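Note sheet for the following structure.
The values are calculated or read from the model by the stated rules, or taken from the named source; none is laboratory data. Because the structure is a prediction, the values reported are computed rather than measured. Cβ atoms come from the backbone with ideal geometry, glycine included; neighbour counts cover every protein chain shown. Note: accessible area is taken over every heavy atom of the protein model, side chains too, but ligands, DNA and RNA are not part of it. Shrake-Rupley method; radii C 1.70, N 1.55, O 1.52, S 1.80 Å.
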Amino acid sequence: MRSSKGLLASYDPDDFFCELLGSPQGGSLSRKAQTIIRRLDKLNLKTLRLRAKDAERELFNLGITFTVYSDAQAIDRILPFDVLPRLISAPDFDIIERGVQQRVAAINAFLHDIYHKRMILKDGVVPSDLVLGNSNYCKKMVGVDVPGGTYVHICGIDIVRDEAGRFKVLEDNARTPSGVSYVVENRHLMLRTFPDILKGIGVRRVSDYGLRLHKALAEVAPVGAAGEPNVVLLSPGIYNSAYFEHVFLAREMGVPLVEGRDLMVDDDVVYMRTTEGREKVDVIYRRIGDDFLDPKAFRKDSMLGVPGIFRAYKKGNVTLANAIGTGVADDKAVYAYMPRIIKYYLDEDPILDNVDTFICREKEGLDYTMANLNKLVVKPVGEAGGVGVLIGPRASRKELAERRRELLADPANYIAQPVVGLSVCPTVTPTGVEPRHVDLRPFAVTGRSTWVLPGGLTRVALTKGSLVVNSSQGGGSKDTWVLEQ
Amino acid sequence: MSNSLLSRFAENTFWLARYMERSDSLARMLEVTETHARDESGGQDWAAILDANSDISRFRHAYGKANATDVIRFYTIDGNNPTSIRSFVAYARENARSLRHLISTEMWSQINVFNTWMGGLRTRDVQPRRLPAVCQHIKESCQAHTGITEATFYQDQAWLFYWIGKMIERADQATRLLDVGYARAERVGAMEEEHKEHLSHWNALLRSVGGYHAFRRTHSVRLISHEVVAFILKDKAFPRSVLACVNHAHEHMLALVDQHDVETAKPALGILSDIQSRLMAADSPTIIEQGLHDYADNIQQRLIAFTDALGKGCFGHRS
């Protein structure tokens with residue numbers, strides 16, 4: 001495809017793996033991929049910009065936005081959307097799918113174990129203090145049984161691709177991963193905006209996510225729930241930045257979108273307040289953090305939660321998805337042990353490798369990190385959204401010196417990883433179509449078994465050369481097309 | 001799966017409808033006042049709107065003396081005024097936002113676009129000479145909302161609460177429009193036969209409820225005060241008459257109790273039945289004689305009592 005004369009004529013991914021064109025060495029692209037590239041190449045940049053503008057306006061009008069609060073003002077922003085899609089071939093998606101399923105199985109086995117017999121700690125595979133001393137380890141969950149042994153019903157696993165085109169897991173999100181609404185809405189938008197490019201190409205559909213999720217949640221309803229269990233989505237409310245996603249999920253599942261004040265607990269049974277009185281609730285997909293769920297059991301100042309819900313949960317009268325206390329499994333320090341965790345429970349080699357990780361709580365890891373700080377990415381273990389991440393090669397002397405001090409003061413708070421040359425995708429920029437770095441967050445839904453949404457959220461770092469894809473730091477998203485075989 | 005409705009959603013749907021209806025009515029009131037403030041002495045008319053909405057003291061505190069520019073600003077774009085159209089539309093949107101998984105995408109998107117437009121209006125956009133165009137846009141947006149709702153909103157319990165809210169608000173607004181319009185006509189002495197030139201005030205009143213042509217079709221050429229009052233109060237065929245609105249709300253309340261078994265709606269239904277029979281028995285010459293303002297006020301109080309009863313019965317408010 002180097003013979004482009006159109007839109008992609010001056011596009012050069014350099015040494016990075018390109019998600020559209022393949023590896024720099026060239027390789028065989030499927031016929032379908034070639035057709036899509038040909039069609040994209042024929043587009044004119046001006047028309048493309050117009051279509052992109054229409055698409056963004058539509059997102060705004062439909063209120064597919066997240067809310068940013070500043071100076072007591074609420075501003076609705078769209079997640080910037082890039083109209084050039086990211087492709088995933090069928091064989092590549094097969095790797096991702098199996099890899100994610102394997103990882104989710106291991107995470108659930110791990111969580112069950114550390115809240116019961118703690119064999120993995122006794123066998124010394126994972127350091128005891130790393131788990132039991134972890135701020136996300138919930139002592140109240142010890143001995144609590146969850147239906148089907150499923151702790152993480154909804155899991156988002158962030159995957160990147162290195163220069164050689166190998167997928168690597170960057171982090172696990174086992175609490176309340178968000179972003180799936182953008183996957184589905186981006187697709188709808190693309191179908192409306194670019195019907196011509198998708199024509200005749202088999203792209204695996206993402207629109208049944210809600211049905212799959214509902215089915216999975218119904219599978220793990222408490223024993224004794226009605227034949228058709230009552231599922232609800234618990235949201236912190238309209239002021240939450242992810243509120244649109246809560247609306248989206250409730251609508252797609254066809255379930256009530258409740259807030260804490262809509263629920264009540266009586267005799268350890270959870271009810272919702274309806275116009276006709278109260279009605280029993282069986283399964284709660286909660287988008288509220290552990291701390292805020294129940295002022296009687298956790299943070300007393302929580303206004304968002306439901307007093308007494310933890311007791312109802314412990315008694316097995318209601319299912320919470322995800323379970324309480326899953327945060328310990330997506331901790332960045334525990335992540336480093338994930339290949340060993342997979343091996344321990346499943347006796348399999350990981351299908352998706354981790355990015356090489358140096359654990360600063362261990363002496364060798366710390367020594368290596370201190371000696372190679374300017375070549376490494378250093379992350380605090382308990383943060384999310386790119387907070388506190390230092391990218392060595394881009395950091396100033398002052399930043400490096402400061403991180404050195406922080407590392408020595410509290411080594412256990414950090415891990416370090418080599419800089420991964422993230423793969424790129426052609427992206428519409430003010431100066432034309434240029435490569436921008438991307439990652440991928442596939443979503444796995446687990447009831448009695450695990451289903452992986454074909455595709456996932458492709459996040460793109462819109463700033464030239466930037467490796468940070470987080471929406472809070474200038475990231476956008478792209479539609480992700482998993483091609484049929 | 002059950003077809004039950006969370007109390008909060010019932011309440012939010014009820015208020016979504018009310019705020020949109022209130023925006024529509026206020027736009028009508030402003031437009032009619034502005035049109036007639038042009039050829040009359042002016043100032044007093046603007047005070048009448050403030051009076052009808054019990055906003056006089058709040059307005060004086062913020063602006064001082066009532067004049068066209070300030071009252072228009074107060075009621076259109078003043079975000080600090082909770083009774084401005086900007087605030088109403090913003091409240092409607094907040095309610096719609098909490099209901100997004102229940103209402104249709106078209107309903108949400110239209111309110112969202114309307115709210116953005118309303119929020120973008122500046123002082124120069126609402127100068128008196130530009131007001132008619134702005135009011136027209138507001139009314140059309142509210143009507144588009146009603147049309148989209150009628151065509152896309154699934155007709156379950158939430159739909160009933162929506163229409164109950166809309167009809168209660170419309171009935172309430174009709175009593176206020178009647179009150180203001182009548183007082184204005186009375187001030188210039190349009191009651192007397194010889195003051196034919198002040199017929200324009202009866203026109204204004206009828207136009208404010210969108211009933212001028214309908215009235216003309218069914219009544220004599222002369223505009224007789226008690227006939228105009230009776231028309232707005234209790235003409236069953238006129239969609240903005242108080243009785244027509246109460247009748248619709250009553251039907252929906254019955255459906256709530258009978259078809260959806262919402263037994264807790266019964267006390268509110270009782271209050272509404274009472275308002276209905278009072279309206280049917282109303283005799284406009286007697287009402288005028290005893291004081292239209294007090295009568296309008298009384299209906300408003302009863303509608304508030306209805307809303308309170310609905311709050312206790314269905315929205316989970318404490319008694």
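Using only atoms on other chains, find how many Cβ atoms lie within 10 Å of each Cβ of peptide B:268-280 and report the average. It would help to have the intermediate numbers written out before the result.
On the way: counts 0, 0, 0, 0, 0, 0, 0, 0, 0, 0, 0, 0, 0.
What the average comes to for B:268-280 is 0.
With each label modelled as a point 7 angstrom along the Cα→C-beta vector, the residue A:125-residue A:399 pair spans 3.7 nm. Distance from the C-alpha centroid of the range B:78-156 to that of the range A:73-146: 43 Å, rounded to the whole angstrom.
When the Gaussian network model of chain B links Cα atoms closer than 10 Å, the mean-square fluctuations of B:271, B:232, B:49 top out at B:271.
For the residue pairs A:139/A:332; A:53/A:464; A:5/A:53; A:314/A:379, alpha carbon separations beyond 27 Å are given by A:314/A:379. Counting pairs of Cα atoms in the range A:315-361, how many percent are more than 12 Å apart? The proportion of pairs with Cα distances above 12 Å equals 70 percent.
Each listed q (0.15, 0.17, 0.23, 0.25 Å⁻¹) maps to a log10 I(q)/I(0) for the range A:223-317, found by the Debye formula over equal Cα scatterers with no solvent: -0.56, -0.72, -1.28, -1.43. Could you work out the percent of alpha carbon pairs in the protein assembly as shown separated by over 42 Å, rounded to a whole number? For the protein assembly as shown, the share of Cα pairs beyond 42 Å comes to 43 percent.
Taking a ≥ b ≥ c as the square roots of the eigenvalues of the Cα gyration tensor of chain B, is the shape rounded (a/c under 1.5), prolate (a/b larger than b/c) or oblate?
Values: a/c = 1.90, a/b = 1.26, b/c = 1.50.
It comes out oblate by the Cα gyration axes.
If you average the sequence gap of Cα pairs under 8 Å that are 6 or more apart and divide by the length of the range B:1-153, what percent do you get for the contact order? Write down the numbers at each step before the final one.
Working: 148 pairs, mean separation 46.5, N = 153.
Answer for the range B:1-153 is 30 percent.
For residue A:201 and residue A:472, FRET efficiency with R0 = 30 Å and r from the beta-carbon atoms, rounded to 0.05? Efficiency computed from Cβ-Cβ geometry: 0.35.
Assuming R0 = 30 Å, what is the FRET efficiency of residue A:31 and residue A:188, from their Cβ-Cβ distance, to the nearest 0.05? Each step should come with its number before you reach the end.
Values: r = 26 Å, r/R0 = 0.88.
Efficiency, from the Cβ-Cβ distance: 0.70.
Under a 5 Å amide H cut-off, with hydrogens placed 1.01 Å from N, residue A:83 pairs with A:428 among residues at least 5 apart or on other chains. Placing +1 on the Cβ of every Lys and Arg and -1 on the Cβ of every Asp and Glu, with nothing else charged, gives the range A:121-195 a dipole about its Cα centre of roughly 200 debye.
Which FRET efficiency value, to the nearest 0.05, do you get for residue A:311 and residue B:143 by plugging their Cβ-Cβ distance into 1/(1 + (r/R0)^6) with R0 = 51 Å? List each step's numbers first, then the result.
On the way: r = 51 Å, r/R0 = 1.00.
Here the calculated transfer efficiency is 0.50.
List the longest stretch of chain B that has no exposed loop site; here a site is one of the GluC sites (Glu not before Pro) assigned by DSSP to anything other than H, G, I, E or B, with at most 13 other Cβ within 10 Å.
Numbers: sites that count: B:192, B:193, B:194.
With a cap of 13 other Cβ atoms within 10 Å, the longest stretch comes to B:1-191.
Applied to the range B:300-311, the Karplus parametrisation 6.51 cos²θ - 1.76 cosθ + 1.60 on θ = phi - 60° returns per-residue 3J(HN,Hα) values of 4, 4, 5, 5, 5, 4, 4, 4, 4, 5, 5, x Hz, with x for Gly and Pro. When every Cα-Cα distance of the range B:1-153 is counted in 5 angstrom steps from zero, the calculated P(r) takes the values 2, 9, 19, 21, 17, 12, 9, 6, 3, 1, 1, 0, 0 percent.
Karplus-derived 3J(HN,Hα) values for the range A:247-260, using 6.51 cos²θ - 1.76 cosθ + 1.60 with θ = phi - 60°, are 4, 4, 5, 4, 5, 5, 7, x, 10, x, 9, 9, 10, x Hz; glycine and proline are entered as x.
Counting pairs of alpha carbon atoms under 8 Å apart in space and at least six apart in sequence, what relative contact order in percent does chain A give? Spell out each step's value before the answer.
On the way: 949 pairs, mean separation 113.4, N = 485.
Computed over chain A, the figure is 23 percent.
Assigning unit charges at the beta carbon (Lys, Arg +1; Asp, Glu -1) and nothing else, what dipole magnitude in debye, to the nearest 20, does chain B show about its Cα centre?
Details: 36 positive and 38 negative charges, 184 e Å.
Value, rounded to 20: 880 debye.
Counting every alpha-carbon pair across the range A:33-144, the share separated by more than 24 Å comes to 63%.
Overall form of the range A:356-418: rounded. Here a/c, set by the Cα gyration tensor axes a ≥ b ≥ c, is under 1.5. Amide H to amide H, with H built 1.01 Å from N, residue A:174 comes under 5 Å of A:330, counting only residues 5 or more places away or on other chains. Among the trypsin sites (Lys or Arg not before Pro) found in the range A:309-408, those both in a DSSP coil and sparsely packed, with 13 or fewer other Cβ atoms within 10 Å of their Cβ, are A:315. For residue A:355, nonlocal amide neighbours, meaning residues 5 or more places apart or on other chains whose placed amide H falls under 5 Å from its own, are A:169. Take the Cα of residue A:391, step 7 Å toward its Cβ, do the same at residue B:117, and the gap between the two points is 4.3 nm. Applied to the range A:398-408, the Karplus parametrisation 6.51 cos²θ - 1.76 cosθ + 1.60 on θ = phi - 60° returns per-residue 3J(HN,Hα) values of 5, 5, 5, 5, 5, 5, 4, 4, 4, 4, 5 Hz, with x for Gly and Pro. Average accessible surface for chain A: 42 Å² per residue, computed with a 1.4 Å probe over protein heavy atoms with every protein chain in place. Dividing the Cα radius of gyration of the range B:155-319 by its Kirkwood radius returns 1.04 for Rg/Rh.
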